[in-house]
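Each reported figure results from applying straightforward, stated rules to the coordinates on display, with no laboratory input. Just so it is clear, the structure is predicted and the values come from calculations on it, not from any experiment. Backbone-built Cβ (ideal geometry, glycine too); neighbour counts: all protein chains shown.
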Amino acid sequence: MAGAHPLLLDHAVRDWVFIPLTLAIVLMKLLTQYMHQLFNTPPPSNKELKEVREMQAVARAGRLRGFGRFIPETSFKMRKEYFAGEKGFFTQKPVTRSPQEAMATDPTVMVDMMKKNLTGMVPQLAMGMVVNFFFQGFVIGKVPFPLSPRFKPMLQRGIDLASLDVSYFTSLSYYILLLFGLRGVFSLIFREDVVDETEMMRRQMNPMAAGPMGVDMEAMFKQEKAALAAVDFEWELESAEERAVDMLRRQMKAKKL
Amino acid sequence: MEIELEEVERQLRGAKGVPSADKLIRYLRLMRELHIRDSPTVARYGNILLRHYKSHLSEEELWAVSEQVAIAALDSHALPFAASVITATNSRFPGSIRAQRLQGMYFEAVGEYGKAEAMYRDLLVQDPANEMVLKRLVALERSRGNLTSAIEALRKYLDTFANDKDAWEELAEMYLEVQNYRQAAFCYEELLMHVPGNSSFYVRYADILYTIGGPTNYKTARSYYAKAIELTAGGSLRALFGVLACSAHITDKVALQDSRSRAQIELPEVTTQALLRIYKQHAPDKLPFVEPILAKLQSGLGHGL
């Protein structure tokens, strides 16, 4: 007998719950958006010159390994010595701090995280609790289209009525719906990046996430040094004259030249 | 894309009166993507676009176009126009390093190098690792005519940003200007490791080695010219002549031991044949001049080359 008669909701529900809830959520999102804009100083360019230098040096060493065979042997050896030699570049201790060090020593990182949390997630959580406390246990609206029963737990938190039509939802579900739904609307209104707390939460929950605070440079130095030492140089142009002769002969035969 | 660009250019030139907005927009966009710097044309069309059709541009594109047109205007010495565009950009993006560097470029264009330098150093305090500004410092020294300081500044830049291919090219050119061939060769080695398929790098590198001279360098240069011949399928005349020039300087006899030495012996002759063919096909009137030169190179005379 599920949902044979449509439920008639009291006007009072609409006036005192539905509309205020909607307004409150919209206002709250607006507030968080603007607060984020206010507080969002551009991330301190923690690309210090020395750190960039080390990153780039590692990349250059990689290039040397990959394409070193195109330069003469003496030149290759000279560069190899520069990087991996006794007093080479990679034998020195890198300036770039590893992520753990950075977290521990740099206070701005902590403050930044706190700010993001405060302005972003806390009001949402607080509001969620308020909604749950005050507007619990009743249905506040109906979705205009029929849904499969699998949406029941999503739309009807807190009400365990098996016979209730799935299209009716409670205030808490409505709150969560609006929270995620308004993000799309907001991105249309403000053409810039909307505050994306879920991305932040996702990043925090992902244990493998590489933080923006750099890589373990010491390990990379060791790696590159070992890799360079292991390279066996073979000049690509050893056979250059042969190939040129072949190419010219072929071209002349094919009347291309 | 280049074909598209030519098409649009032709349309614009043929247009009577004021050309249409979307043609102008497309032209400027293609110029941006292809990194072509035809400044007088860009400045002219950009002027029309910004004056009459500003509303046709999206916010993002408007400022990309402004940057492009401002630089073109500075190149063409259309200073008042450049100033107006730069002022507009700076008021839209106050505090932006990218916008302020345009301001610095303006100072360079009017010759106020002190102000430009002050501006750039200021910006570097804000962001010490900003490549754009660091490179502007190099350009500034160039404008001032201090090639040595420019080289020094670029070396410092490359010490940090060791993978900037264009910077290595620029440094190589500067070293060549001051005739520091060994350092130029070093730069070209970096370039070879960046784009190992670019035949012109091989030719230039061989040129430098040949210029430095010495028996090992002649041999190495010949290998690099040979590689260029292979890469261009015989299309690079410079490489072909280069092989002959190097061979003429290599006086020690090569014993016919393996395929490599055989190629070394055969290469000059095959190259000469190829060159003669090319001249016969493309410039037969020059043949009488080329033949004696080739004969001389073939016979291995070292002087006067």
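Numbers at a glance
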read-out	value
Residues in segment B:77-93 that a label on B:Ala64 would reach, taking backbone N under 18 Å of a point 7 Å out along Cα→Cβ	B:89, B:93
Between 0 and 90°, nearest 10: helix B:165-177 axis offset from chain B longest Cα axis	60 degrees
Cα radius of gyration and Dmax for segment B:151-252 (Å)	14.0, 44
At R0 = 41 Å, FRET efficiency that the Cβ-Cβ distance of B:Asp122 and A:Phe133 yields, to 0.05	0.15
Zone residues, segment B:4-24, relative to B:Glu33, backbone N less than 15 Å from point 7 Å out along Cα-to-Cβ	B:4-9, B:23-24
Whole-number D in µm²/s for segment B:69-152 (Stokes-Einstein; Kirkwood sum over Cα pairs; 37 °C, 0.692 mPa s)	254 µm²/s
Gain upon complete extension [B:Phe289, B:Arg10; 0.36 nm per residue less C-alpha separation]	96.4 nm
Exposure proxy ranking, count of Cβ atoms within 10 Å, fewest first, for B:Thr87, B:Thr220, A:Thr74	A:Thr74, B:Thr87, B:Thr220
B:Ser299-A:Met252 FRET efficiency (beta carbon distance; Förster radius 22 Å; 0.05 resolution)	0.50
Relative contact order, percent, chain B [alpha-carbon distance under 8 Å, six or more residues apart]	7 percent
Likely footprinting exposure, A:Met114, A:Met220, fewest C-beta neighbours within 10 Å first	A:Met114, A:Met220
Cα-based Kirkwood hydrodynamic radius, segment B:1-78, one decimal, Å	12.4 Å
Between segment B:112-138 and segment A:155-169, the Cα center-to-center distance that results, in Å	64 Å
Tilt relative to chain B, helix B:39-52 - C-alpha long axis, 0 to 90 degrees, to 10	20 degrees
Fewest-first ranking of B:Asp75, A:Asp10, B:Asp164, using other Cβ atoms within 10 Å as the exposure measure	A:Asp10, B:Asp75, B:Asp164
For the protein assembly as shown, alpha-carbon Rg relative to the globular expectation (2.2 N^0.38 Å, N residues)	1.39
Chain lengthening between A:Asp232 and A:Met154 when straightened (0.36 nm per residue, less Cα-Cα)	21.9 nm
Fully extended contour minus Cα-Cα distance, from B:His77 to B:Gln281, at 0.36 nm per residue	69.0 nm
Theoretical FRET efficiency, 1/(1+(r/R0)^6), r = Cβ-Cβ of A:Ala162 and A:Val26, R0 25 Å, to 0.05	0.15
Pair B:Leu147, A:Val185: separation of 7 Å Cα→Cβ label points (nm)	6.7 nm
